Amino acid sequence: MSVRGWLEERVRYQGVETFLRHKEVPRHRFAATYYTGGITLFFFLVQVLTGLLLLMYYRPTADAAFESVRLIMAKVRFGWLVRAVHIWSANLMVLGVFLHLGATYFGKAYRRPREITWLTGGGLLVITLAFGFTGYLLPWNTLAYFATQVGTEIAGDVPLIGRGLLVLLRGGENVTEATLSRFFGIHVAILPAVTTLLLGLHLLLVQVHGMSRPVAVPETGSEPFYPHFIMRDVLVWVVLLGGVAVLATLVPWELGEKADPLAPAPPGLKPEWYFLFMYQALRMLPARVLWVEGEMIGVLAFVLAGTLLILVPFLDVWAKRERRHHLFTVAGVVAVLFVIAMTVLGLRMEF
Amino acid sequence: MNAGVVEPPGKMGRRRFLDYLFGTSLAALAGAVLYPILHYLVPPKVKEVTTSSVVAAKAADLPPNTGKIVAFGGKPAIVLRTPEGEVRAFTAICTHLACTVQYRPDLKHIWCACHDGHYDLHGQVLAGPPPRPLDAFKATVRGDDVIISRG
Amino acid sequence: MSPVLVRRGVFLAGGVALFILVLAGRAAAAPPPDSCVGCHENLGDRLSKPVAGMKDDAHAKRGLSCASCHGGNPARFGMDAHDRAAGFVGVPSPKQTPQFCARCHSRPEVMRRFNPKVPVDQLARFLTSVHGKRLAAGDPNVATCTSCHGVHPVRGVADAASPVFATNVPQMCARCHADPARMGRYGISTTQFAQYKESVHGQALLDRGNRQAPGCNDCHDNHGAVPPGVTSVANVCAQCHSATRDLFVRSPHKAAFDVLGEGECTTCHGTHNIVFPTDALIGAEKPAVCVRCHPAGSSGLAAAGEIRLRLERVKTAITGAETILARAARAGMDVSETELDLNEARTQLIIARAATHTAGLPAVDPPTQAGLAAAGRALAAGQAAIAELAFRRRGLIVALAVIGFVAVALWLKIRELEARTHP
């Protein structure tokens with residue numbers, strides 16, 4: 001009996017293989033967008049691997065965190081590489097998530113019957129940003145310490161639940177060692193567990209429903225998901241792997257100074273680039289609008305926008321009739337331009 | 001695979017060659033990825049990970065009325081045993097112009113060679129230009145080791 | 001009368017009585033009226049100034065009054081208060097001033113009532129000083145107690161507004177000693193303050209407020225002010241610069257300067273114009289001070305040159321290490337541990353510089369060697385960091401080659417697959 005026969009008898013994989021062979025990936029003008037999900041998944045897998053390696057040496061206490069990261073960078077062989085890849089892959093994963101969001105939104109992949117895929121994707125977007133936010137604090141350096149303080153402060157501005165949210169995130173009233181413990185637990189245990197569930201469901205549903213075709217775009221053919229599309233996907237992954245290697249080696253990330261809670265906040269404090277658009281928008285609001293604090297209005301606006309985005313499959317009733325309504329396209333374009341403009345402004349403005 | 005289609009022999013050879021090529025390249029990639037990972041997992045030889053405590057000396061290497069300069073948190077520290085046998089530790093950075101102080105067994109106290117600064121065995125300034133006393137660290141003897149830590 | 005009214009009346013009477021008692025008590029506790037103040041504050045100009053000044057006076061704060069120093073009877077009014085029978089002295093002349101103040105300030109049994117630690121030898125020292133001697137010889141134009149300490153108010157030495165507060169002393173001495181009109185008749189130079197202001201000690205004391213730095217009184221003595229003799233001034237310097245002095249007495253210069261009558265420290269470093277010494281001060285060519293005495297080609301000058309060479313070598317080694325470490329740090333390498341070695345090197349350089357006072361290589365060589373060794377270790381660490389950077393780049397090339405290999409192989413496979421399934 002062959003190896004395949006031995007495996008088939010015990011694992012019964014051939015049903016899956018047949019299914020995969022029958023799945024077809026449509027070809028059309030925007031077929032390149034089909035790679036955005038795989039790219040994000042690739043970077044996530046890199047994060048899992050490098051994250052597990054970092055866990056071997058990282059220590060999550062205020063005393064030792066900074067020094068353990070310095071140890072990884074200076075003393076552990078290839079530690080500099082693992083850390084640099086982890087940081088670069090994190091940033092690229094966030095970029096990938098945003099690209100994937102754009103592709104699925106403008107392609108209206110959320111329409112019936114893929115609403116749950118969209119919802120799980122929305123959850124994964126929030127989780128990715130949460131990964132970034134919690135992971136940023138872990139080296140316990142000055143920039144991260146104060147960025148966390150500012151970020152959780154803004155979270156505290158959300159109406160009703162804000163105060164409770166702030167205390168829950170910080171593990172207390174202020175950013176302390178308790179916050180570090182909490183963020184560490186969230187980053188290496190809670191978020192990965194939730195990701196496994198959501199990502200598993202998300203990928204399963206993608207397989208079940210197949211690739212969505214953008215509304216009113218003609219198909220020029222198709223190719224089998226396995227092995228053709230998968231091989232192309234892997235090729236993209238291999239090229240990206242090379243890109244990450246180059247970035248990790250030639251463009252290092254600084255460790256900075258160890259966080260000193262008693263020192264004043266350094267000038268030029270900015271959140272990570274993927275939060276910059278929100279931060280910049282909040283900064284530009286006037287201090288008071290009528291009787292409400294300007295920042296509160298901004299936070300509410302973002303919460304509202306996020307809610308609308310999550311609910312778009314149920315709002316876009318035209319999509320399930322395979323029709324494009326300009327309202328959603330325009331809203332999407334405006335949102336993209338807004339985010340890009342705010343990010344650019346945030347990068348250029350001296351804080 | 002497309003069952004039932006018989007491949008012409010030339011194409012079969014080419015296909016097998018490409019499969020070999022691909023397989024080899026994957027093996028090389030696996031090696032290139034595993035090499036740093038395996039090296040990474042081997043722990044480095046370091047004396048300390050945190051800067052909050054360090055083994056300064058073996059207790060036997062520190063008889064009464066001697067002192068030693070050690071590194072602590074990237075900066076010099078002095079660990080000494082008084083003539084009465086008590087172990088103490090201070091920063092070795094002189095508070096005058098940051099020279100490294102030393103223990104003088106003949107004077108039985110701490111001295112800075114640069115500008116003749118004298119400190120007693122509590123780090124207080126006895127004579128000379130230093131404006132402030134030396135900051136003290138906690139020094140404990142655990143088994144064979146003398147350990148310095150930040151109080 | 002109703003019981004209510006009686007009660008009210010008793011309370012009222014009692015309250016009034018209490019009130020009168022309190023007033024009387026306060027009046028009894030008050031000091032008797034001081035007619036000195038009452039009279040003088042209305043006399044205007046010169047005669048009322050002392051009254052205003054007594055607000056901040058150290059004597060007044062301790063309960064002393066006009067009569068405590070000037071005598072007289074403040075209980076009487078008008079010119080009756082100037083009662084010679086009650087010890088009225090009036091304004092003492094400059095010649096009388098030292099004895100005037102010494103009536104209390106030289107007597108331990110008086111001073112210890114106020115501050116047991118305050119010295120009582122000021123008059124004795126003053127009489128040995130140039131000021132005191134000239135005063136005794138009949139010159140009224142010299143400094144007496146009130147010239148420096150002020151009068152109405154006299155402020156304590158620890159009072160930052162006092163002319164004798166540590167950072168105010170040079171300015172105060174300069175009032176006379178930088179005035180050519182005053183000093184001309186004595187033939188004393190008036191450049192000291194201007195020189196001192198630019199000097200290391202002057203900048204430390206006057207610009208940075210560092211009271212460890214010497215002012216005029218620290219070298220010249222305050223009450224016993226004399227210029228220290230040329231041959232004994234080194235003892236003054238050695239009060240603070242003890243280690244340097246210990247090194248100097250080991251040098252051949254000590255015996256030579258004793259014979260020549262040269263000041264030990266001042267010959268090379270100056271007196272009031274002491275500047276921060278740089279390595280340029282020692283060597284075989286100008287601006288080194290060695291060339292002032294040692295002729296060209298002499299062994300002494302050669303030794304000076306050798307010593308300077310040692311210092312320069314250590315400095316070059318330290319700078320070299322710092323440069324390469326900065327390069328490594330900029331490229332993202334962690335070089336924090338090399339700080340220890342660099343600190344060691346810098347310390348040894350300071351020790352070597354101090355050792356130059358022995359004017360001999362045996363004392364300069366050991367710290368030089370140690371400094372070079374430490375700088376060498378730091379340099380090696382920096383070079384290792386740069387080498388590691390190169391290793392990483394080479395590793396990247398290898399990794400990219402492998403990745404490229406995989407990509408090409410995969411791409412060929414895809415093309416082959418397409419050709420096969422979609423001919």
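Candidates in the stretch A:304-350 are the residues that are outside any helix (DSSP H, G or I) and free of Cβ contacts under 8 Å to residues at least 24 places away in the same chain; of these, the one that is nearest to A:Leu124 (Cα to Cα) is A:Val317. In the stretch A:199-256, the residue that is surrounded by the most Cβ atoms within 10 Å (Cβ to Cβ) out of those that are polar (S, T, N, Q) and within 13 Å of another protein chain (Cβ to nearest Cβ) is A:Thr249. Of all the criteria given as (1) away from chain C (no Cβ under 14 Å); (2) closer than 23 Å to C:Ala352 by Cα; (3) surrounded by 21 or more Cβ atoms within 10 Å (Cβ to Cβ), the one not satisfied by B:Pro105 is (3).
Results for (1) surrounded by fewer than 16 Cβ atoms within 10 Å (Cβ to Cβ); (2) facing chain B (nearest Cβ under 8 Å); (3) modelled with pLDDT of 90 or more, shown as yes or no for each residue.
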{"position": "C:Ala374", "(1), (2), (3)": "no, no, yes"}
{"position": "C:Phe391", "(1), (2), (3)": "yes, no, yes"}
{"position": "C:Leu396", "(1), (2), (3)": "no, no, yes"}
{"position": "C:Leu400", "(1), (2), (3)": "no, no, yes"}
{"position": "C:Ile403", "(1), (2), (3)": "no, yes, yes"}
{"position": "C:Leu410", "(1), (2), (3)": "no, yes, yes"}
{"position": "C:Leu417", "(1), (2), (3)": "no, no, no"}
{"position": "C:His422", "(1), (2), (3)": "yes, no, no"}
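For the stretch C:276-287, enumerate the residues that are over 14 Å from C:His357 (Cα atoms) and surrounded by 14 or more Cβ atoms within 10 Å (Cβ to Cβ). Matches in the stretch C:276-287: C:Ala284 only.
Comparison of C:Ser106, C:Ser68, C:Ser93 shows that the only residue that is surrounded by 15 or more Cβ atoms within 10 Å (Cβ to Cβ), at pLDDT 80 or above and among the hydroxyl-bearing types (Ser, Thr, Tyr) is C:Ser106.
Any idea how many residues of the stretch C:336-361 are within 14 Å of chain A (Cβ to nearest Cβ) and surrounded by fewer than 22 Cβ atoms within 10 Å (Cβ to Cβ)?
Final tally of qualifying residues: 3.
Evaluated against (1) assigned to a loop (DSSP other than H, G, I, E, B); (2) loosely packed, with under 11 Cβ neighbours inside 10 Å; (3) charged (D, E, K, R), A:Arg59 falls short on exactly one condition, (2). A residue that is surrounded by fewer than 11 Cβ atoms within 10 Å (Cβ to Cβ), modelled with pLDDT of 90 or more and out of contact with any Pro (no Cβ under 9 Å at 6 or more places or on another chain) can be found somewhere in the stretch B:35-46. Filtering the stretch A:257-293 to residues that are closer than 24 Å to A:Ile340 by Cβ and exposed (fewer than 13 other Cβ atoms within 10 Å of the Cβ) leaves A:Gly268, A:Pro286. Here A:Lys75 fulfils each of the conditions (1) more than 17 Å from C:Val335 (Cα to Cα); (2) surrounded by fewer than 19 Cβ atoms within 10 Å (Cβ to Cβ) apart from (1). Evaluation of A:Glu254 against the conditions (1) over 30 Å from C:Ala328 (Cα atoms); (2) free of Cβ contacts under 8 Å to residues at least 60 places away in the same chain shows that the sole unmet condition is (1).
Residues in the stretch C:253-269 include at least one that is surrounded by 14 or more Cβ atoms within 10 Å (Cβ to Cβ), among the aromatic types (Phe, Trp, Tyr), without any contact (Cβ under 8 Å) to a residue 24 or more places away in the chain and farther than 20 Å from C:Ser129 by Cα.
Being within 25 Å of C:Thr338 (Cα to Cα) and at pLDDT below 95 is the requirement here; does A:Phe106 meet it? Criteria not met by A:Phe106.
Here the stretch A:90-128 is the region considered, the condition is being surrounded by fewer than 20 Cβ atoms within 10 Å (Cβ to Cβ) and among the aromatic types (Phe, Trp, Tyr), and the residue that is nearest to A:Ala31 (Cα to Cα) is A:Phe106.
The values are calculated or read from the model by the stated rules, or taken from the named source; none is laboratory data. Keep in mind that this is a model prediction, so the values were computed, not measured. Cβ coordinates were reconstructed from backbone atoms using ideal geometry, including for glycine residues, and neighbour counts include every protein chain displayed.
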